[in-house]
2 protein chains.
Amino acid sequence: MSLSEDLKSEENESSSELDLTSPISRAFHVLDVVAGFGGPARFADVQKASPLPKATLSRMLRQLEGEGMLIFDEGSQRYRLGLRLIRLAHAAWESASLVEVARPVIDALAERFGMTVHLACLDAFQVLYLDKRVPRPIIRMFSSPGRIGPAYCTGVGKAMLAFLPDRDREEAIARQSFTRHTPHTLTTPEALRAVLATIRERGFAFDDEEHENTIICVAVPILAPGGAVLGALSVTTTTHVSSLDALAAMAPVLKGAAADIATAARMQMLG
Amino acid sequence: MSLSEDLKSEENESSSELDLTSPISRAFHVLDVVAGFGGPARFADVQKASPLPKATLSRMLRQLEGEGMLIFDEGSQRYRLGLRLIRLAHAAWESASLVEVARPVIDALAERFGMTVHLACLDAFQVLYLDKRVPRPIIRMFSSPGRIGPAYCTGVGKAMLAFLPDRDREEAIARQSFTRHTPHTLTTPEALRAVLATIRERGFAFDDEEHENTIICVAVPILAPGGAVLGALSVTTTTHVSSLDALAAMAPVLKGAAADIATAARMQMLG
DNA sequence: ACTTGCAGTTCCATTCAATGGAACTTAGTT
DNA sequence: AACTAAGTTCCATTGAATGGAACTGCAAGT
């Protein structure tokens, strides 16, 4: 814990009067404020931390929400950073010049010494950590987060589609590309609709080599108490080491895990 | 490889005529284009992928660079996503509601089944992966990347400061907060300057419990052939399991690793 | 050496998006 | 019911952003 959690940003913002003339500066400033707040921020929180007038902030926040850079949670009346930012994030991190080339070196060091390895660079006279390797497997990571994938031919995608409200589900189906990736890929809306019905009954989804040969997975949706689709969870393996039957046997555990996450998410909303 | 690398975004952009009226929409659009390009993009690359007129793009790109959202590499005359985005990224990911609460559940599942576990949500009718756990330790991660830390009391920070050009170094020193974190923290510019001189001679830096008690590390700068500071690399441990002497013994290996990274980075620039 | 073409920047008059003070709505409080 | 706080909408004003065109710099072709 201490080894990995000791990196909180502590030093003050370089503060010196930001410009905030152009709308673009203002937009990023607002994002910084929301990000800096740590958790979901109310309008007033943002206002307190920003010199911008109320009217301007109000419009800016809603515009940023429209852009997908912020998410406004109706329930808690709070803004948090949006998914579009995570996508950009991923791309930024991937293209951070050192990250890519340093990866194998960092792996080797971590293994050789059995200790935590950091890669950093300087940004505005502070240390910006770019990568980290710890010897034990613990850990969240960022190789997938930020990536996007097709919904119609992945386990998590189908698990979520299946439990969408009818209206949304049809719109989502209409937006799928139905590109064939493997012989098993579902390539028509009808086929997908049928599979989704099965998933809805069964409560979990498979990916039976639909996206990539030999890759199979079982996935469950994470559903809010009201039934809203929060996300999905999957366990992936290959046909070489396991089978759909074996994966199906895991489904109950996965469902329990999804329920746990939904509960925890609910707690977080209230807390 | 196939299990972790199968997530390239393949489906086309939802394409449908973006608005691009407000400057803010345009700004994010440009970021998306640069991000979508994969690697560093030249002006012409961006122009080809965007309906915006040359003049507008030119200004926009430079403004985004000024904001720190893009980095313009003089050498290759290319734009890539900036470090500010990585900072925001980190905050966005941390605050993605599911990530936090799902973490322990994902850990447990990965361990229990010994298989890859994914957490995803739906974004614009596609799957957006939020987290992933693989049973084996491999892996890049994103718990530190994006975090910022003080330069004057971390190994990587001091390693980089030490090798900055005099002018930059003095400015950087002037910008440090010199907040005391532990009894060992350097709290004056003079003390730091002295230590940096030692580091410059010796070629590597220690963090001798200066940021957090019992945490020690050894760090080396990553220097470009011309001497420019590209970044830094560190190995961290605790006083309970190791010592500065033991860390010092690793310095030559670290230096070699840093040199490898610098070389690889150089290759990448040319290629 | 001269020319042509391409890549990118600067100019500047025009315009429309952004602005912000104030009025207004909504929700919560005494 | 009156009051306070939180947030949104209004609208006349303004200046930031715009983009066509002219300009610069560079590299390849003749």
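Key figures for this structure:
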quantity: Amide H within-cut-off set for residue B:132, under 5 Å, with H built and near neighbours excluded; calculated: A:141, B:119
quantity: Ranked packing of A:254-266, A:54-66, most packed first, by mean Cβ within 10 Å; calculated: A:254-266, A:54-66
quantity: Over segment A:155-270, relative contact order from alpha-carbon pairs under 8 Å, at least 6 apart, %; calculated: 25 percent
quantity: Amide hydrogen neighbours beyond the local backbone of residue A:42, cut-off 5 Å, H modeled; calculated: A:79
quantity: Rounded accessible area of residue A:206 (nearest 10 Å², 1.4 Å probe); calculated: 40 Å²
quantity: Mean separation of Cα contacts under 8 Å, 6 or more apart, over the residue count of segment A:23-81: relative contact order %; calculated: 39 percent
quantity: Position residue A:188, label points 7 Å along Cα→Cβ, spacing to each other copy in nm (shortest first, one decimal); calculated: 8.2
quantity: Residue-wise HN-Hα coupling along segment B:40-46, computed from phi with Karplus coefficients 6.51, -1.76, 1.60 (Hz; x: Gly, Pro); calculated: x, 10, 7, 3, 5, 4, 5
quantity: Globularity index of segment B:23-81, i.e. its alpha-carbon radius of gyration over 2.2 N^0.38 Å; calculated: 0.96
quantity: Centre separation in Å (Cα based) which lies between segment B:19-86 and segment A:221-243; calculated: 36 Å
quantity: Rounded accessible area per residue of segment B:155-264, 1.4 Å, Å²; calculated: 42 Å²
quantity: In order through segment A:156-164: 3J(HN,Hα) via Karplus (6.51 cos²θ - 1.76 cosθ + 1.60), integer Hz, x for Gly, Pro; calculated: 4, x, 5, 4, 6, 4, 4, 9, 6
quantity: Calculated label separations, residue B:245, copies of the chain, 7 Å along the beta-carbon direction, nm; calculated: 6.1
quantity: Radius 11 Å from Cβ of residue A:221, net charge of other residues (Lys, Arg +1; Asp, Glu -1); calculated: +3
quantity: Shortest-first nm distances, residue A:267 label point to equivalent points in other copies (7 Å, Cα→Cβ); calculated: 4.8
quantity: Karplus 3J(HN,Hα) series, Hz, for segment B:72-82 with 6.51 cos²θ - 1.76 cosθ + 1.60 (x for Gly, Pro); calculated: 9, 8, 4, x, 8, 6, 10, 9, 9, 5, x
quantity: Net charge over other residues, Cβ less than 10 angstrom from the Cβ of residue A:78 (K, R count +1; D, E count -1); calculated: -1
quantity: Net charge, residue B:244 excluded, C-beta distance under 10 Å - Lys, Arg +1, Asp, Glu -1; calculated: -4
quantity: Potential extension, residue A:241-residue A:62 segment - 0.36 nm per residue separation minus Cα distance; calculated: 59.6 nm
quantity: For residue A:70, residues with placed amide H under 5 Å, excluding near neighbours; calculated: A:65, A:82
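The values are calculated or read from the model by the stated rules, or taken from the named source; none is laboratory data. Values in this document were obtained by computation on a predicted structure and should not be read as measured data. All Cβ positions, glycine included, derive from the backbone under ideal geometry; neighbour counts span all protein chains shown. Only protein heavy atoms, including side chains, enter the accessible area calculation; ligands, DNA and RNA are left aside. Shrake-Rupley method; radii C 1.70, N 1.55, O 1.52, S 1.80 Å.
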